[in-house]
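Asks: One structure is given below, represented as structure tokens, and several questions about it will come after.
The values are calculated or read from the model by the stated rules, or taken from the named source; none is laboratory data. Keep in mind that what you see is a predicted model, and the values were worked out from it rather than measured. No Cβ is skipped: glycine too gets one built from the backbone with ideal geometry, and neighbour counts run over all protein chains shown. Side chains are part of the model used for accessible areas, which takes the heavy atoms of the whole protein and leaves out ligands, DNA and RNA. Shrake-Rupley method; radii C 1.70, N 1.55, O 1.52, S 1.80 Å.
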Amino acid sequence: MLTDEEFRLFRNLIYEESGIFLKDTRKEFLEHRLAKRMLANNVVSPYWYYRQVAEKKKELLILLDILTVNETSFFRNRPQIDLFRDIVLPELFDKKRGTGQKSLRIWSAGCSTGEEPYTLAMVTHEVINPYAGWQVRIFASDLSLTALDTAAKGLYDPDKVQATVEDHYITRYFDKSEGQLRVKDQIKKMVIFDFHNLKNDNGLADLDVIFCRNVMIYFNLDDQKTLVEKFYRSLSPGGYLIVGHAESLQGMDTPFQFIYNNKGTAYRKPEGREHV
Ligand SMILES: C[S@@+](CC[C@H](N)C(=O)[O-])C[C@H]1O[C@@H](n2cnc3c(N)ncnc32)[C@H](O)[C@@H]1O
């Protein structure tokens, strides 16, 4: 249904707008997704649909949304969450306590349906007890508006929650609600969800931790490097970047220090190095 030329048109547009690069092997996937939107828009030719997408911001957002892969889970890649709890948080709390600062700023970039930022909120909540009066803000952003909708509701299938969340966390941080599990308000209010396309500048600064996991794999190497440079600038000295287990900064010339602990990995911005 999609000619090679049409495939290239869409691929370029999607890449330019989101950084998501569709390899040749993804042609059939694109065809399926396009077929849905063409039907919804009453358009029979991919080229006419392309023109609609190129001209209408709203249709572009819908198309990008249905092309994103939103797979995620609570406590995904446990060694990284443990490293965050056991190494990153204590170090940041101690360092800040020394300077009288009582706030922590974390960003979940590419947060999908919310499981990652809520995990970070729960874990931080567990650790923060001795630090009364601290303000923890978790910024959580994504390109997919439907994923953000689900995230903001904070309502999850109990089977999926129970598959990766320990019982004591469920008891403490979820309420039962009509056959679903709802994230409690004390956790919800720590997280601020927002639309953000990682292809654009984020405007966030002085961050202590950035989680950007399983997002860069959809970007080509040049865009990954650009993104990592932006993350570097957004972090405070001594801040941490945590990427997915299949992602790394290998081959990128950055001052980040590599941290490894019990199979968990992270990258630390050195103190006193503002620029890449
Ligand atoms: C596989 S999910 C990963 C979710 C979570 N970080 C995790 O590791 O479980 C990838 C997410 O990245 C988002 N994404 C892809 N390209 C993006 C872009 N250019 N800007 C913002 N988010 C993007 C997708 O919408 C999707 O929700």
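Asks: Considering only ASP208, ASP149, ASP94, give the residue with the highest GNM mean-square fluctuation for the chain, with springs between Cα atoms whenever their separation is below 10 Å.
Replies: ASP94
Asks: Can you flag which of LYS102/LYS269; LYS23/LYS230; LYS57/LYS230; LYS57/LYS188 are past 27 Å Cα-Cα?
Replies: On the way: LYS102/LYS269 20 Å; LYS23/LYS230 25 Å; LYS57/LYS230 25 Å; LYS57/LYS188 30 Å.
Pairs exceeding the cut-off: LYS57/LYS188.
Asks: Take the alpha carbon atoms of the stretch 147-244, find their radius of gyration, then divide it by 2.2 N^0.38 Å using N residues; give the quotient.
Replies: On the way: Rg = 16.5 Å, N = 98, 2.2 N^0.38 = 12.6 Å.
So the Cα radius of gyration is 1.31 times the expected 2.2 N^0.38 Å.
Asks: May I pose another question? I want to verify a result. In a Gaussian network model of the chain, Cα cutoff 10 Å, which of these has the top mean-square fluctuation: GLU178, GLU115, GLU16?
Replies: In this elastic network of the chain, the residue with the biggest mean-square fluctuation among GLU178, GLU115, GLU16 is GLU178.
Asks: Can you find, among ALA205, ALA109, GLY264, the residue farthest towards the positive end of the dipole of the chain? Put +1 on the C-beta of Lys and Arg, -1 on that of Asp and Glu.
Replies: ALA205
Asks: Compute for the stretch 77-184: radius of gyration divided by Kirkwood radius, i.e. Rg/Rh, restricted to C-alpha atoms, rounded to two decimals. It would help to have the intermediate numbers written out before the result.
Replies: On the way: Rg = 14.7 Å, Rh = 14.9 Å.
My calculation of the ratio gives 0.99.
Asks: Cα convex hull of the stretch 178-219: mean projected area in nm², to one decimal?
Replies: Working: hull surface 20.7 nm².
Directional mean of the projected Cα hull area for the stretch 178-219 stands at 5.2 nm².
Asks: Continuing with this model, one more query. Just subtract the alpha-carbon distance of VAL43 and ASP82 from 0.36 nm times their residue separation and send over the number in nm, one decimal. Walk me through the numbers on the way to the answer.
Replies: Details: separation 39, 0.36 × 39 = 14.04 nm, distance 4.95 nm.
Going from the current span to full extension adds 9.1 nm.
Asks: Follow-up question, since we're still on this one. Nearest 20 debye, what's the magnitude of the dipole of the chain about its Cα centre given +1 on Lys and Arg Cβ and -1 on Asp and Glu Cβ?
Replies: On the way: 38 positive and 39 negative charges, 101 e Å.
Magnitude of the dipole: close to 480 debye.
Asks: What's log10 of I(q)/I(0) for the stretch 4-67 at q = 0.12, 0.21 Å⁻¹, Debye sum over Cα points only, no solvent?
Replies: Here the Debye-derived log intensity ratios amount to -0.24, -0.79.
Asks: Once the Cα gyration tensor of the chain is found, what semi-axes does its equivalent ellipsoid get, as square roots of 5 times the eigenvalues, in whole Å, sorted largest first? If you can, show how the numbers build up before the last one.
Replies: Values: eigenvalues 243, 111, 47 Å².
That gives 35, 24, 15 Å for the three semi-axes.
Asks: At a 1.4 Å probe radius, carbon and sulfur cover how many percent of the accessible area of the stretch 86-235?
Replies: Values: 3190 of 6830 Å².
The value for the stretch 86-235 is 47 percent carbon and sulfur by accessible area.
Asks: Quick one: which residues, 5+ away or cross-chain, put their amide H under 5 Å from the amide H of LEU235? H built at 1.01 Å from N.
Replies: Distant-sequence amide H within range of LEU235: LEU207.
Asks: Too long at a 23 Å Cα-Cα cut-off: which of LYS153/LYS189; LYS153/LYS263; LYS96/LYS199?
Replies: Values: LYS153/LYS189 12 Å; LYS153/LYS263 33 Å; LYS96/LYS199 31 Å.
In this structure, LYS153/LYS263; LYS96/LYS199 lie more than 23 Å apart at Cα.
Asks: Here's a follow-up. Among GLY19, GLY264, GLY251, which one moves the most in a GNM of the chain with springs linking Cα atoms closer than 10 Å?
Replies: GLY251
Asks: Express in nm, to one decimal, how much length is gained between ALA54 and GLN250 on full extension, taking 0.36 nm for each residue of separation and deducting their alpha carbon distance. Each step should come with its number before you reach the end.
Replies: Working: separation 196, 0.36 × 196 = 70.56 nm, distance 3.53 nm.
Gain in length upon complete extension: 67.0 nm.
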